[in-house]
Amino acid sequence: MSKTRIETEIVIPPADYYEKVYACQRYQDTLAERVGLREKKILKEEDRGSEFYREVFQVPARDLPGPIKKLTGGKSLNFTDTSTYYKDENRLEFKVLPSIKPDKISIHGKLWLESTAKGAKRICEMEVVVAVFAVGKIIEKLILTDVEKGQRTASDLINEFYA
């Protein structure tokens, strides 16, 4: 099991995050390009009043390291990301289901915002468990590295869009 906590600063206040980031299609499309997704498809979206539910299928564009390629049989490692954004709390909970070994790989976490003088602190905590003999830690490290890079890219993009 591996855990991470990523903290970044953004220039918008928590009250603007849902509208300007989570629900902004232009931002979401640009972020998909920046983090290197070959494909992104929204499978389901539901506005439930105080919360917003979303399922997104994602295909990363990069090649996998050798041991992981062998595990996947040469197939790409795709993900379905399910998330619920709690509007009143400026908090997102997510779970990521991989296309390969979903019974052996667990990815989940939360993201929330804390007000600062210049906007907000964007905090993401995530846990990854890969129960695959010999390559589990390699896969965990790969996933955490991608998430950390993606979270920093997301915050940089927010600051670029709204500075």
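As a test of the formula, what do you get for the chain when each DSSP H run with n ≥ 4 contributes -39,500 (n - 2.57) and the sum is divided by the residue count, at 222 nm and rounded to the nearest 500 deg cm²/dmol?
After summing the helix terms and dividing by residue count, I get -9000 deg cm²/dmol.
Can you tell me the FRET efficiency between ALA117 and SER50 if r is taken as the Cβ-Cβ distance and R0 is 30 Å, rounded to the nearest 0.05?
0.60
Show the residues, 5+ positions off or on another chain, whose built amide H is closer than 5 Å to the amide H of GLU51.
It is LYS87, by chain and number.
How do 15-22, 131-138 rank on mean C-beta neighbours within 10 Å, highest first?
15-22, 131-138
Each residue of region 17-22 in order: what ³J(HN,Hα) in whole Hz does its phi give by Karplus 6.51 cos²θ - 1.76 cosθ + 1.60, θ = phi - 60°, with x for Gly and Pro?
Those phi angles translate into 4, 4, 5, 7, 10, 5 Hz.
In terms of modelled amide H atoms, which long-range or inter-chain residues lie less than 5 Å from the amide H of SER76?
For SER76, no residues qualify.
What order do you get for 100-109, 151-160 when each peptide is scored by the mean count of other beta carbon atoms within 10 Å, highest first?
Ranked from most to least packed, the peptides come out as 151-160, 100-109.
I need the per residue convex hull volume for the chain, using only the alpha carbons, in cubic angstrom as a whole number.
Residue-normalised Cα hull volume stands at 102 Å³.
To the nearest 10 degrees, how steeply does helix 25-34 sit against the main Cα axis of the chain, on a 0 to 90 scale?
Helix 25-34 and the main axis of the chain meet at about 40 degrees.
Read-outs: derived from the displayed coordinates by stated rules, not from any lab. Every value quoted in this text rests on a predicted model; they were computed, and no experiment measured them. Positions of Cβ are backbone-derived with ideal geometry, glycine not excepted, and every protein chain shown enters the neighbour counts.
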